[in-house]
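Colleague: Here it is: the structure, laid out below.
The values are calculated or read from the model by the stated rules, or taken from the named source; none is laboratory data. Computed from a predicted model, the values in this text were never measured in an experiment. Virtual Cβ from ideal backbone geometry, glycine too; neighbours counted across all protein chains shown.
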Amino acid sequence: MPTSKSEVLQGTLDLLVLKTLDSMGPMHGFGIALRIQQVSQDLLQLNQGTLYPALLRLEQRGWIASKWGVSENNRKAKFYSLTRAGRKQLAQEAESWDRMSTMINRVLRTS
Amino acid sequence: MRESIRVFIHRLAALLQRRRLESDLDEELRSHLEMAVELNLRKGMSPEEARGEAFRGFGGIEQTKELFRDQRGLPMIETALQDLRFGLRTVRRNPGFSLLAILCLTLGIGANAAVFSWIEGILFRPYPAVTHQEQLLALTGTARGESGPTGVSWPDFLDLQRNCTLIDSFFVSKIMGTTLSIGDRAEVTTGSIVSANYFDAIGVHPILGRGFVPGEDVGRNAHPVTVISYQLWKGRFKGDPQIIGKTQRLNNVVHTIVGVMPEGFYGTFVGWAMQFWVPASMEEIFEAGGYKLEDRGARWIESYVRLKPGVSREQAQQEIAAVAKHLETDYPDTNRGRGIRLWPLWETPFNNAGALLPTLEIMLAVVVFVLLIACANVGNLLLVRSFARRHEMTVRLAIGAGRGRLLKQLFTEGLILSAFGAAGGLLVAHWCRHALVLLFPARGGVAMHLPGEIDWRVLAVSGGVCFLATLLLGLVPAMQTGKINLAAALKSDSAGVVGGGGRAWVRSGLVMVQVSLSFLLLVGAGLLLQSLQKIRNTSPGFSTRGVLDTAVNLTAAGYDAPRAQSFQDELLTRVKALPGVESAAFARMTPLSYGSYSSAPITVDGYQPPPEEQPIVEYNEVGPDYFATMGVLLVSGREFTRADDEKAALVAVVNETMAAQYWRGRNPIGERVQVKDRWMQVVGVAKDSKYESVREAPKSFFYVPLRQNFSRGAGLYIRTPLSPETMAAALTREVHALDPGLALFEVITLQEQLDRSTSPQQVAVTLVGVLGGLALLLSAIGLYGVMSYTVSQSTREMGLRMALGAGASNLLKLVLSRGLALTAGGVALGAVAAFALTRLLGNLLYKVSPRDPLAFGSAFMILTVVSVAACLLPAWRASHIDPARALRE
């Protein structure tokens, strides 16, 4: 297994899912998985299965909503979309992520 | 916070629609994989490659589902439900085992819940409907030099009420027996004389009419009003809605009914349900001894206090003692050496609470033992089964169940058993809650009232007991699973040997604990039984055979003293003329009965009392021939005759103890004693006898002639070989010939009187005996179970021994000796425990050492016999094993 691939950090998966839904609109689970892998240029090692508990977690918190629909290939699939609470949460998490990474970068550079 | 609540609700909702969500999940994942396969095919992979790649990209499907399920529902609850379902299935699958276990627990928990309900209903909250009973205390007087409590006088009571600040209210409730006449029927019933604030102080209000109003307890016979009980209203008055204002004859005095109390209120006396209440102003009508409301020396009332919130008994006692001290200095004539004492309700000395307290304390310990024995039994059953289930457990461990999960499973099974046991136990307690009354005979046709109370506190404590039982039950197989060694357990090791095997010690230990607890209970029962026999065999100092005891209530019939005197004379003449009557006499008090003797400060010529002490001695007012009739022997001098009447010189008969205490070796005959300012000449010395209790130590006591100290409420004693029934018929005829309106009390033998006075001992013996028997039975089952299991597990060993030449009798001996070794161990343990614990029986023991060898010996004998019986069947089975078959298996 190539070592350059990174494990998905605990908690960051939520952020990735929220951001994906924010930019792409309603999507089904397979679509979200595909999109995250594409955007990370396959550098992220993601067991697609782990996405589903994460989606459920987000839904339980009311950040995303789900609805059965039909995919582009006429397949029955569950579509997830961002709720207003989810949008707010995304903004908050993105900001704190920025702050965190800036800080870590600064620490790494100064020492 | 809001978010976590939201998540919780989401998860809870998911719990309820699991099936739909499960198929949703399946569908979603299937569609995911199909899309992945499709994409891979489009990328140009072969169908197999496409599928393989899709599954690889996804990761473990079952793992994902498990993770998803954990996220979706509430795993804790789900596994608990799973355990519960599995446990219930296990219970159903082994009905024999489950029934036995549940039966044991039902008996154990039921005995506990029943005793809790008695303790709650008789000791802690004895008065249904009365508010905040935890603030109530009983109040009595004390006298220096006297161990028991005394009554309180009405003037003292009023002074206490005026001067104590820590006490919310003082109230009087003095029980009395009364003749109640409705139409032409006269019946004996029980009521209370109460202070006017009574109903307000206890916080119970009439459903019809009113309670008493301030001032109704003042003035001699000034307020002939009464409040009646719901039962009386419904029963005798047929629930008449117009009852208020109607009248009712009580002791032949017309009382106006002013109120009806609610259903379920029985007054404030442990042992009897009150049917009516009258204010203290009517005291003279109901109490012997005349008008006492202004007599500070007449100590007759029984009372209670309600503490102000936050005040402790000690604080209240201090304040009340200070007030009593003031009364001593203010009224030295009547109050010297007199104090006041507060008692918790469960120690109330003037009703059956105090009498039942020691018995119920012992019962509490006994039922805990019974529960432990029951738990040990069920633990043993579980243990035996856990061997049978060892394979199941091993497999579960092998395929990855954590030991914690396994423990939870076993704990749930224990919980199911004890929950069934608790339900059964509460049912048992419900049936038994009135059982205590059955042990006491009805007196004078009025049944006692000793209800148990199953309230939330009893339920909570029983729940706690059930939980404790579960923990104990879960513990045994848990220790077992803790020791499962996968590798060893998967190899078969089914053949055991008698007395061998590392795990056997748990079972043997449990049996030993059972045997030792049973031994303890048997010793206790033996000691109590011996005490009872000693009490029964103690000579009370008067004849118990051939003497009958009855009374005619002249007070109730409204006789004045002269009329009562002539009635007594006439009746006595008629009774003595009856065939079979040897002699007959009247006296005010029956020995060993509920009631109080007269008592008076005495002065004796030539006797100097210690400073600060006023000698007070009890006495009885007795008629001519009393000593001969009762069989009280005279040591010297003479007994009273008809000549000792109002016109003759005052005389008295003292008992031996009094003679020794006040005349110190001099012959008291001819000497003088001053009683209540009257000098009397001692004319006789009587042998000591028992006056209030068979168990009392000899005490000073004297007798005065009834004629010189007249009381209308006198009992009649008849020496005759006839039975009470025959005598009652003849007596009723004679009484009715004199006055058809008079009712005769029940006619009983003095032996019956004696037996009634020892009923607390009898109750203790019966209860400990019954529970001891139960414990013995449970232990026998335990011993039998262990021995038969051991034999069934060591069939091969037995076969081998037989093949090597052991005879059937050798094997019989082997198994028996193993069982008896367990018994011996248990008895040794039990003996040590009994040596340490039986002295706690304390007051219930009478002239029996707590280490009485007879009690220990007979407990040992009984246990040995029962153990042999329990081991005999397994031993017989062992000796009849077919060696050929045993070795082949």
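Colleague: Quick one: count up the residues across region B:744-797 that are farther than 30 Å from B:Tyr626 by Cβ and in a helix (DSSP H, G or I).
Modeller: 34
Colleague: State yes or no: is B:Val130 within 22 Å of the chain's Cα centre (by Cα) and of a type in the set (A, V, I, L, M)?
Modeller: The answer is yes for B:Val130.
Colleague: Would you say B:Val815 is modelled with pLDDT of 85 or more, farther than 30 Å from B:Val848 by Cα and buried (at least 21 other Cβ atoms within 10 Å of the Cβ)?
Modeller: Spelling it out, B:Val815 is indeed modelled with pLDDT of 85 or more, farther than 30 Å from B:Val848 by Cα and buried (at least 21 other Cβ atoms within 10 Å of the Cβ).
Colleague: Considering only region B:323-350, how many residues are in contact with an Asp or Glu (Cβ under 8 Å, 6 or more places away or on another chain) and closer than 26 Å to B:Thr758 by Cα?
Modeller: Residues flagged as in contact with an Asp or Glu (Cβ under 8 Å, 6 or more places away or on another chain) and closer than 26 Å to B:Thr758 by Cα within region B:323-350 amount to 1.
Colleague: Looking only at region B:47-56, decide whether some residue is over 30 Å from B:Ile9 (Cα atoms), buried (at least 18 other Cβ atoms within 10 Å of the Cβ) and more than 8 Å from every other protein chain (Cβ to nearest Cβ).
Modeller: Yes - at least one qualifying residue is present in region B:47-56.
Colleague: Further question on the same structure: Answer with yes or no whether B:Gly59 is surrounded by fewer than 19 Cβ atoms within 10 Å (Cβ to Cβ), within 14 Å of another protein chain (Cβ to nearest Cβ), small (Gly, Ala, Ser) and out of contact with any Lys or Arg (no Cβ under 8 Å at 6 or more places or on another chain).
Modeller: In short, yes.
Colleague: Now, a different point. What about B:Thr79, is it within 9 Å of chain A (Cβ to nearest Cβ), surrounded by 13 or more Cβ atoms within 10 Å (Cβ to Cβ) and of a type outside the set (D, E, K, R)?
Modeller: no
Residue-wise test of (1) more than 9 Å from chain B (Cβ to nearest Cβ); (2) buried (at least 18 other Cβ atoms within 10 Å of the Cβ); (3) not in a loop (DSSP other than H, G, I, E, B).
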position: A:Leu13; (1), (2), (3): yes, yes, yes
position: A:Ser23; (1), (2), (3): yes, no, yes
position: A:Phe30; (1), (2), (3): no, yes, yes
position: A:Pro53; (1), (2), (3): no, yes, yes
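Colleague: So which residues in region B:122-176 are farther than 16 Å from B:Asn351 by Cα and assigned to a strand (DSSP E or B), if there are any at all?
Modeller: Matches in region B:122-176: B:Thr142, B:Ala143, B:Ile167, B:Asp168, B:Ser169, B:Phe170.
Colleague: Same structure, new question: Please go through region B:542-554 and pick out each residue that is within 31 Å of the chain's Cα centre (by Cα) and crowded, with 22+ Cβ neighbours inside 10 Å.
Modeller: Selection gives B:Asp549 alone.
Colleague: Filter region B:557-592 for residues that are within 39 Å of the chain's Cα centre (by Cα) and over 23 Å from B:Ala730 (Cβ atoms); which is surrounded by the most Cβ atoms within 10 Å (Cβ to Cβ)?
Modeller: The selected residue is B:Pro591.
Colleague: Somewhere in region B:726-738, is a residue part of a loop (DSSP other than H, G, I, E, B), crowded, with 19+ Cβ neighbours inside 10 Å and assigned by TED's automatic domain parsing to the domain that holds B:Ala652?
Modeller: No, every residue in region B:726-738 fails to be part of a loop (DSSP other than H, G, I, E, B), crowded, with 19+ Cβ neighbours inside 10 Å and assigned by TED's automatic domain parsing to the domain that holds B:Ala652.
Colleague: Another question about this same structure. For residues that are of a type in the set (S, T, N, Q) and within 20 Å of B:Leu777 (Cα to Cα), scanning just region B:818-860, find the one that is modelled with the lowest pLDDT.
Modeller: This residue is B:Thr823.
Colleague: Mind listing just one residue for me: the one in region A:55-78 that is surrounded by fewer than 18 Cβ atoms within 10 Å (Cβ to Cβ) and in a strand (DSSP E or B) and, of those, nearest to the other protein chains (Cβ to nearest Cβ)?
Modeller: A:Lys76
Colleague: Identify the residue in region A:79-107 that is of a type in the set (Ser, Thr, Tyr) and without any contact (Cβ under 8 Å) to a residue 12 or more places away in the chain and, among all such residues, is nearest to the other protein chains (Cβ to nearest Cβ).
Modeller: Going through the qualifying residues, I end up with A:Ser96.
Colleague: Among the residues of region A:42-51, which ones are within 7 Å of chain B (Cβ to nearest Cβ) and in a helix (DSSP H, G or I)?
Modeller: A:Gln48, A:Gly49, A:Thr50
Colleague: Let me confirm something: among B:Leu67, B:Leu33, which residue is assigned to a helix (DSSP H, G or I) and either closer than 23 Å to A:Gly69 by Cα or more than 8 Å from chain A (Cβ to nearest Cβ) (or both)?
Modeller: B:Leu33 is the lone residue from the list that is assigned to a helix (DSSP H, G or I) and either closer than 23 Å to A:Gly69 by Cα or more than 8 Å from chain A (Cβ to nearest Cβ) (or both).
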